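The values are calculated or read from the model by the stated rules, or taken from the named source; none is laboratory data. Everything quoted here is computed from the prediction, not taken from an experiment. Neighbour counts run over all protein chains shown; Cβ positions are idealised from the backbone, glycine included.
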Amino acid sequence: MRLRAIARYGIRSIPGDEREIIAAFRRGEAVTGPAIAEFERRFAAYHQVEHAIATSYGRMACYYILRALEFPPDSEIIIPALTFWVIPEIARRAGLRPVFVDVDPLTFNLAPEKIEAAITERTRAIIPTHLYGQPCEMEPILRLAEKYGLVVIEDCAQAVGARYRGRLVGTFGTAAFFSFQMLKGINTYGGGMAITRDPELAARIRAQAESEPLQTPMELAQRFIIGYLARCAISPRGFIWWGFPLQALVSLFGHYDLSKYVWEKIRPLTPFPASYRRRYANAQAILGLRALDRLEEFNARTRAHAERYTSGLAGHHAIRTPKVINGAEHVYYQYSIYVSDPKLTARRMIRRGIDCETTHVDLCSELPLFAEFSADCPGARKTTRALQLPVYARLRASDVERILRIMREVTTDLPPIGETERSELRTGAATFAGS
Ligand SMILES: *Cc1c(COP(=O)(O)O)cnc(C)c1O
């Protein structure tokens, strides 16, 4: 066996990043310095908007935007039922009420036709998530927002560089936020960005972001060291020594998703952890500038991997490859397929050295944390049958071929995907919308 096992996630980094970080510490420009304003300026220019404000986290960019909009307390904010749990929690922290709207199980994104029924006189905003790197159907969303006077705040955390009808995501709404966590399209080992064209909104966001204390050099050094270790651990040559044997062993007993032990625990964010109340650092912005220069290239690599999967799995009896909406340029933060038995497939894959995740984000409409906002969202529930194939830019074309070959081998004896849907129907569960 070749000594490469493929982890579910990959971290984007550029040769020389470490050298740049160390140089920034040596110059005394790790915490503050000119790169922050430069990164904000270049990030805004890339999106052809006037204002960008760097923050400690993507979620804090969302928080500052919501606060800056000064909605009345308990205003309702429409959020997809399938998204990262921190966003509805942030809305609640901002004194607002998340209202979950169902997603289209084939695109994983907000189902535009389900939005209108959720709008009340207390609705103030919609936060469409461009989930897994695919732009939402923005045209109907903007039309509804216009009709009811709602603000649109785009969650671009998974989709930096994705386009809808030729235009970058983040440029359609009143404001947008991005994340620079390790696994995201631009990695600066944490951090986020808010963008907007509205100068007054930008000033109110900036006033909040800049009132936070600076990171200490120690906190910052820790952030980069942990990031570096994580990057080694999930590289194909690192993962084979721990993640692969551990999960292959566990797979003998059933399907267990160990990633829940790595992710942050789902919990109320009151009070905010101290790390949230921090400013974005100059050393992070230095990495951000480098990553922005390479963004389109990295996205193109990821997209090529995804396209290879889509052609290689076309017509497979047990698999449905991702649906891309008309006019969308998907950046494939995740390559999410439906397979008739995702858990069995994941177990077989890890034994062959390929780590595949099942559901990547959260079924927020059913989380105990949001019990008071719970909603029946059958489309979102169906997405729990999805399986993610590793698709990140760091993979080589030969890795992708290997994953494809193993994927075909371990799924030959699975029932056809349509049959599983029919049997779900018989047992009373819902089926996929469309086909
Ligand atoms: C990563 C992510 C966020 C938040 O980003 P942080 O920087 O971790 O706060 C928000 N929404 C989605 C969909 C994400 O994937």
**Study point:** Selection within segment 210-242 - surrounded by 13 or more Cβ atoms within 10 Å (Cβ to Cβ), in contact with a Lys or Arg (Cβ under 7 Å, 6 or more places away or on another chain) and not in a loop (DSSP other than H, G, I, E, B)
**Key:** P236
Exercise for review: Scan segment 361-372 residue by residue and report those that are in a helix (DSSP H, G or I) and either modelled with pLDDT under 95 or buried (at least 19 other Cβ atoms within 10 Å of the Cβ) (or both).
Suggested key: C364, S365, F370
Study note, to complete from the structure: Note: among A175, A125, just one is within 30 Å of R223 (Cβ to Cβ) and within 16 Å of the ligand (Cβ to nearest atom), namely A175
**Study point:** helices (runs of 4 or more DSSP H) lying entirely in segment 4-117 (those with 1 or more residues that are more than 16 Å from the ligand (Cβ to nearest atom) and surrounded by fewer than 19 Cβ atoms within 10 Å (Cβ to Cβ))
**Key:** 17-27, 35-46
Practice item. Would you be able to say whether some residue in segment 153-169 is surrounded by fewer than 16 Cβ atoms within 10 Å (Cβ to Cβ), in a helix (DSSP H, G or I) and not aliphatic (A, V, I, L, M)? Key: no
Practice item. State yes or no: is I354 touching a Leu at 6+ places or on another chain (Cβ under 6 Å), among the hydrophobic types (A, V, I, L, M, F, W, C) and more than 15 Å from the ligand (Cβ to nearest atom)? Key: no
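Do the conditions hold for L313, that is, is it surrounded by fewer than 19 Cβ atoms within 10 Å (Cβ to Cβ), touching a residue at least 12 places away in the same chain (Cβ under 8 Å) and among the hydrophobic types (A, V, I, L, M, F, W, C)?
Values: surrounded by fewer than 19 Cβ atoms within 10 Å (Cβ to Cβ): no; touching a residue at least 12 places away in the same chain (Cβ under 8 Å): yes; among the hydrophobic types (A, V, I, L, M, F, W, C): yes.
So L313 fails the test.
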Review point. When segment 281-310 is examined, which residues are found to be of a type in the set (S, T, N, Q) and without any contact (Cβ under 8 Å) to a residue 40 or more places away in the chain?
Key: T310
Revision key, fill the gap. All-but-one check, A202 against (1) outside any loop (DSSP other than H, G, I, E, B); (2) within 13 Å of the ligand (Cβ to nearest atom), failing number (2)
Check your understanding: Of A194, A202, which residue is over 18 Å from C136 (Cα atoms), surrounded by fewer than 24 Cβ atoms within 10 Å (Cβ to Cβ) and either small (G, A, S) or in contact (Cβ under 8 Å) with a residue 24 or more places away in the chain (or both)?
Key -> A202
Exercise for review: Give segment 323-333 a look and list any residue that's surrounded by fewer than 24 Cβ atoms within 10 Å (Cβ to Cβ) and either in contact (Cβ under 8 Å) with a residue 60 or more places away in the chain or of a type in the set (V, I, T) (or both), or say none.
Suggested key: K323, V324, I325, G327, A328, E329
Check your understanding: For segment 259-276, does any single residue satisfy the condition of being within 13 Å of the ligand (Cβ to nearest atom), touching a residue at least 40 places away in the same chain (Cβ under 8 Å), surrounded by 13 or more Cβ atoms within 10 Å (Cβ to Cβ) and in a helix (DSSP H, G or I)?
Key -> yes
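Among the residues of segment 128-150, what is the count of those that are hydrophobic (A, V, I, L, M, F, W, C), outside any helix (DSSP H, G or I) and within 16 Å of the ligand (Cβ to nearest atom)? If you could, list the steps in order and put the result at the bottom.
Pass one, segment 128-150, residues hydrophobic (A, V, I, L, M, F, W, C): 131, 136, 138, 141-142, 144-145, 150.
Pick out the ones that are also outside any helix (DSSP H, G or I) and you get 136, 150.
From what's left, within 16 Å of the ligand (Cβ to nearest atom): 136.
The qualifying residues number 1.
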